[in-house]
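J.: My questions will all concern the structure given below.
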Amino acid sequence: MAPTLRLGVDLGGTKIELIALDGGGHEILRRRVQTPQDDYLATVAAVAALVHQAEVELGQRGSIGIGTPGAVSPASGRMKNCNSTCLNGRPLQEDLERALNRNVRLANDANCLALSEAVDGSAAGAETVFGVILGTGVGGGVAVRGHVLNGANAIAGEWGHSPLPYFQFAHAQADRASTGQHPATGEAILHPWPSPRELDAAPPCYCGKKGCIETWLSGPALAADHVRYGGEDLPAHEIAQLANAGYGPCSATLARYEERLARALAGVINLLDPDVIVLGGGLSNIARLYDTVPRLWPRYVFSDRVDTRLVPPKFGDSSGVRGAAWLWNN
């Protein structure tokens, strides 16, 4: 029997957000606090306090699902792969269950995004949904028939720490007839995946490797790429705004970003073949991605046509926390 009250918590690097859904999935409460920085015990206490306060206000207890920036290791029961590194190696689920005196379900935040949008969002009714987080970090999650796909190692969809499929921009004088043109910029492009320039510039990742998708497609990565090509030191959202206003250097930076996103998502399509890809995180607000990227990815997808849809999240920044609440629907 489905719980009457579902509480979802999004445990982010800068904020902890709670949402309460009634039996019909309607939001009845939302609260947010700042995440204690680099303090694991304070983070556990903050989540517990947020839940207790919500339940006092609502006058009832609920199920608790929590979206995290990593995953619970099936081998140890401890957190792994968190870019909020103070969580790594910690028994987060065990400590939260002790603090809250009940069972708690945890899932990666990208899995929560995929689940939320598959249940009643932009991908409602789709059989296979790939959820993408494009924010301070980059992540991916999979929902199949309205259920989260965890995988044997609890890393299904962990796309941000695969290597970027490399690609080379040609100079403008290259043979456009044989190479094709970038739909957004008209710049000549070559079809081979490897690019010596990108390989040489591949940024280091906090995971200890180099050139992960996260280091190319996160918000900070977009800003760093703009500087790398001689641009001003600007945050990602300002680069997008200036690109939309026609400022050449920012337009070029965003075009490179779109090309890389198309290549990376083409790899997902070739492997998973999802019905829908939903973008989340701050960069999902760049409206032109939903037009440009699907026009770029067919040349890398192993199919005569690509029917996968690329869509924004119906619930915006709330998708992750809603998905955490829906974990008790699985």
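The values are calculated or read from the model by the stated rules, or taken from the named source; none is laboratory data. Please read these numbers as outputs of a predicted model, since none were measured by experiment. Cβ atoms come from the backbone with ideal geometry, glycine included; neighbour counts cover every protein chain shown.
Residues are listed down the side, and each one gets a yes or a no for (1) in a helix (DSSP H, G or I); (2) of a type in the set (Gly, Ala, Ser):
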| residue | (1), (2) |
| --- | --- |
| Arg260 | yes, no |
| Gly267 | yes, yes |
| Ile277 | no, no |
| Tyr290 | yes, no |
| Ser303 | no, yes |
| Asp307 | no, no |
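J.: In the stretch 63-75, what count of residues is obtained for those that are out of contact with any Phe, Trp or Tyr (no Cβ under 7 Å at 6 or more places or on another chain), modelled with pLDDT of 95 or more and either over 27 Å from Pro220 (Cβ atoms) or not in a strand (DSSP E or B) (or both)?
T.: Residues flagged as out of contact with any Phe, Trp or Tyr (no Cβ under 7 Å at 6 or more places or on another chain), modelled with pLDDT of 95 or more and either over 27 Å from Pro220 (Cβ atoms) or not in a strand (DSSP E or B) (or both) within the stretch 63-75 amount to 1.
J.: May I pose another question? Using the structure shown, decide if Gly267 is surrounded by fewer than 14 Cβ atoms within 10 Å (Cβ to Cβ) and either assigned by TED's automatic domain parsing to the domain that holds Ala201 or in contact with a helix residue (DSSP H, G or I) (Cβ under 7 Å, 6 or more places away or on another chain) (or both).
T.: no
J.: In addition: Of the residues Gln60, Gln34, Gln53, only one is closer than 26 Å to Gly139 by Cα and either out of contact with any Pro (no Cβ under 7 Å at 6 or more places or on another chain) or not assigned by TED's automatic domain parsing to the domain that holds Glu214 (or both); which?
T.: On the way: Gln60 fails: closer than 26 Å to Gly139 by Cα; Gln53 fails: closer than 26 Å to Gly139 by Cα.
Testing whether each residue is closer than 26 Å to Gly139 by Cα and either out of contact with any Pro (no Cβ under 7 Å at 6 or more places or on another chain) or not assigned by TED's automatic domain parsing to the domain that holds Glu214 (or both) leaves just Gln34.
J.: Output the number of residues of the stretch 242-253 satisfying the condition of being assigned to a helix (DSSP H, G or I) and either without any contact (Cβ under 8 Å) to a residue 60 or more places away in the chain or of a type in the set (Val, Ile, Thr) (or both). Break it down stepwise before answering.
T.: Pass one, the stretch 242-253, residues assigned to a helix (DSSP H, G or I): 242-244, 248-253.
After this cut, where a residue has to be either without any contact (Cβ under 8 Å) to a residue 60 or more places away in the chain or of a type in the set (Val, Ile, Thr) (or both) as well, the list is 242-244, 248-250, 253.
Residues meeting the conditions: 7.
J.: Across the stretch 302-317, what is the total count of residues that are over 15 Å from Thr128 (Cβ atoms) and either within 13 Å of the chain's Cα centre (by Cα) or buried (at least 19 other Cβ atoms within 10 Å of the Cβ) (or both)?
T.: Total meeting the criteria: 5.
J.: Among the residues of the stretch 306-330, which ones are among the polar types (S, T, N, Q) and touching a helix residue (DSSP H, G or I) at 6+ places or on another chain (Cβ under 6 Å)?
T.: Scanning the stretch 306-330 gives Thr308, Ser319.
J.: Is there a residue being out of contact with any helix residue (DSSP H, G or I) (no Cβ under 6 Å at 6 or more places or on another chain), of a type in the set (Ser, Thr, Tyr) and over 25 Å from Gly282 (Cα atoms) anywhere in the stretch 65-75?
T.: Yes, some residue in the stretch 65-75 is out of contact with any helix residue (DSSP H, G or I) (no Cβ under 6 Å at 6 or more places or on another chain), of a type in the set (Ser, Thr, Tyr) and over 25 Å from Gly282 (Cα atoms).
J.: Right, another one. Tell me which of these Val227 doesn't satisfy, since it passes every other one: (1) of a type in the set (Val, Ile, Thr); (2) surrounded by 14 or more Cβ atoms within 10 Å (Cβ to Cβ); (3) without any contact (Cβ under 8 Å) to a residue 24 or more places away in the chain.
T.: Just one mismatch for Val227, condition (2).
J.: Restricting to strands (runs of 3 or more DSSP E) lying wholly in the stretch 98-172: which have 1 or more residues that are under 30 Å from Arg256 (Cα atoms) and of a type in the set (Phe, Trp, Tyr)?
T.: Correct list: 128-134.
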